[in-house]
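Coordinate-derived values only; no laboratory data. Keep in mind the model is a prediction, meaning the values are calculated, not measured. All Cβ positions, even for glycine, are placed from backbone atoms using ideal geometry, and neighbour counts span all protein chains on display.
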Amino acid sequence: MILGKIWNAISAQLNKLANAIRGADPIAEMQYEYDRSIEQMKEGREGLAQYRALVERVQRQVDGQRKQVALIEAKIKAFLNSGDRETAARFALDLRRAKEDLGENEKQLALHEQAYQNNLLKIQHAVKKLDEVKHKISKYDAELKMSRAESEMAQLASQFKFNVTTDFGQAEQILQDQIDRNRARVRVASDLSGEGLEEIERDLSIEKTLAEDALKEFEKDEGLVTPETAKTTPGTKELGPGIKTLAPVSEVG
């Protein structure tokens, strides 16, 4: 029977899923077998649908025969009521044959219906198992990736020892040397930047003194008297060449 073959194929795929973890890439193998099982499941569903169509045809045939039996029984009763026993007897013979056919078809219908229900239950069970396998694949995939990451991190942690004898330690030492040289250049440049400052400050002071002398000479030539030139307090002023220094005016009480 087609459903039996399909179920055997599905069972074989489920068994392969159970043994898939023994390969080099168990996750890929499990996924491959899972996909194949899904294809087998699709075929099983299609076969089950076809078988259900057969059951429905047998059911319609049985329903038709039951109506036919009821009709013959009604005719027999009618002829008996009319006193036509001969005709009623002929229909009674037809009724016997119809009931025999109906009984045989009802047995076939029961067998088909039971077979359909059995295969439906198997497919439902297989669907549940495949769903569990799908979750297991995701779980195993995540756990496998995590374990690989943990293994790599553990390996890296053992390699990352800051020892000058390792390649990493030597590279770190080279970087530190370069940083020290760069900082030394900055320090030297900073120290050298102070050279000549005293001479520059001395030149600026001389220039400032000469400028102040030139300004005082200009003020004297122009007759301008300021506290700086007159050596007086800021409270007195001298206006022009003919004006004397004014004394502070006392406050009027």
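Computed values, structure above
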| item | result |
| --- | --- |
| ASP101, ASP191 arranged by Cβ crowding within 10 Å, fewest neighbours leading | ASP191, ASP101 |
| Segment ALA78-ARG66, length gained on full extension (0.36 nm per residue, minus Cα span) | 2.5 nm |
| For LYS134, LYS139, order by how many other beta-carbon atoms lie within 10 Å, fewest first | LYS139, LYS134 |
| Taking GLU113, GLU207 and counting other C-beta atoms within 10 Å, the order from fewest to most | GLU207, GLU113 |
| Separation in nanometres of the label points that stand 7 Å from Cα toward Cβ, at GLU217 and SER151 | 9.5 nm |
| Members of LYS42/LYS67; LYS42/LYS99; LYS75/LYS107; LYS107/LYS134 lying beyond 32 Å, as alpha-carbon distances in this model show | LYS42/LYS67; LYS42/LYS99; LYS107/LYS134 |
| 12 Å beta-carbon shell around VAL127, net charge (K/R +1, D/E -1) | +4 |
